[in-house]
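First comes the structure, then the notes that go with it.
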Amino acid sequence: MAVEPDSLVTLGLINGVYGVRGWVKIFSFTSPKENILKYKNLRLKLNSQWLDCKVEAGKKHGKGIIAKLEGYENRDLAAKLIKAEIAVSRDELPELPEGEYYWSDLLGLEVVNLENTAYGRVDQMMETGVNDVMVVVKGDKERLIPFIQGMYVKNIDLEQKQIIVDWPEDFE
């Protein structure tokens, strides 16, 4: 599966091993979490290298996800995958309805307020349970802005790589 790294979307990461038969624990960014198991052909980024990987089996386990990856038959082999990013080709992702976005599309976008004051770039997104939150960073300053379209997020322009927000400049 020859896929350019720029066309990959990170869906989670391997954060541990489970048992002695090569199963791994997965921290999934998908919603619901078990949706990551729908993708059978994954790419793993480990030590700056991308590896092809196939999911043999997987399931929800407690609050997390566990999976058996092809070629990793024991705990020692699986342990080498800890901290690996899990990605798929953007072509494999479902089309989203108008006005919905993958978090990966928002990362790196410039955030400005209605007066065109630059707040920085989206460094990460957080799920809070109530609504998602953008972590916007400029230098050593970090701003948390609720990702509520229509209320605080007024416009998202992926081509211009910009998000316009209605958020006060003095609100940290």
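The values are calculated or read from the model by the stated rules, or taken from the named source; none is laboratory data. This is a predicted model, so every value here is computed, not measured. When we count neighbours, we look across all protein chains shown, and the Cβ atoms used for this are built from the backbone with ideal geometry, even at glycine.
Among the residues of the stretch 23-58, write down those that are in contact with a helix residue (DSSP H, G or I) (Cβ under 7 Å, 6 or more places away or on another chain) and either among the acidic types (Asp, Glu) or not assigned by TED's automatic domain parsing to the domain that holds TYR72 (or both). If the condition is that a residue be in contact with a helix residue (DSSP H, G or I) (Cβ under 7 Å, 6 or more places away or on another chain) and either among the acidic types (Asp, Glu) or not assigned by TED's automatic domain parsing to the domain that holds TYR72 (or both), then no residue fits. Selection within the stretch 97-123: residues that are part of a helix (DSSP H, G or I) and of a type outside the set (Ser, Thr, Tyr). The member of this set that is nearest to LYS138 (Cα to Cα) is LEU106. Checked across the stretch 134-150, the condition of being at pLDDT below 95 and within 18 Å of the chain's Cα centre (by Cα) holds for no residue.
Within the stretch 54-70, residues that are at pLDDT 95 or above have Cβ atoms under 7 Å from residues that are aliphatic (A, V, I, L, M) and surrounded by fewer than 18 Cβ atoms within 10 Å (Cβ to Cβ) in these pairs: ALA67/ALA57; LYS68/ALA57, counting only partners at least 6 apart in sequence or on another chain.
Residues checked against (1) surrounded by 16 or more Cβ atoms within 10 Å (Cβ to Cβ); (2) out of contact with any strand residue (DSSP E or B) (no Cβ under 8 Å at 6 or more places or on another chain):
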{"position": "THR117", "(1), (2)": "no, yes"}
{"position": "MET126", "(1), (2)": "no, no"}
{"position": "VAL135", "(1), (2)": "yes, no"}
{"position": "GLY139", "(1), (2)": "no, no"}
{"position": "LEU144", "(1), (2)": "no, no"}
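Does LEU109 count as over 16 Å from LEU13 (Cβ atoms), in the same structural domain as ASN155 (by TED's automatic domain parsing) and within 15 Å of the chain's Cα centre (by Cα)? The answer is yes for LEU109.
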